[in-house]
1. Please give the peptides 19-27, 44-52 ranked by average Cβ packing (other Cβ atoms within 10 Å per residue), highest first, as a rough proxy for protection.
2. Given a Förster distance of 30 Å, report the FRET efficiency between I41 and S19 from their Cβ-Cβ distance, rounded to the nearest 0.05.
Amino acid sequence: MCVAWAKIKVNEDEDDTKSIYLRSFCIGLNEILVQYKTLLIGLESKFLENKFFTYAMIQVELFKYFSLFPELWAIITKIQE
């Protein structure tokens, strides 16, 4: 389970439907973070193999996360309110 789940689920008497959606969101968020971590580890390996590694190469690899993470953060913030 994601850390957000532990922080958000304060009241155990909440509607179970909400908790199912929240749990599903946390599972999806965790999958995204695992993929991101794997990508970062791959980038580190590429850097260690090839010292000629540019910022542009990093941007290309991480491009989809530049727009995804702010949106996920907005959702998390909205859930916490």
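1. Values: 19-27: 14.3, 44-52: 9.4.
Highest-to-lowest ranking by the protection proxy: 19-27, 44-52.
2. Values: r = 32 Å, r/R0 = 1.08.
Once rounded, the FRET efficiency stands at 0.40.
Taken together, the values in this text are just the output of simple stated rules run on the coordinates, not laboratory data. Every value quoted in this text rests on a predicted model; they were computed, and no experiment measured them. Counting neighbours? That spans all protein chains shown, and the Cβs are built from the backbone with ideal geometry, glycine included.
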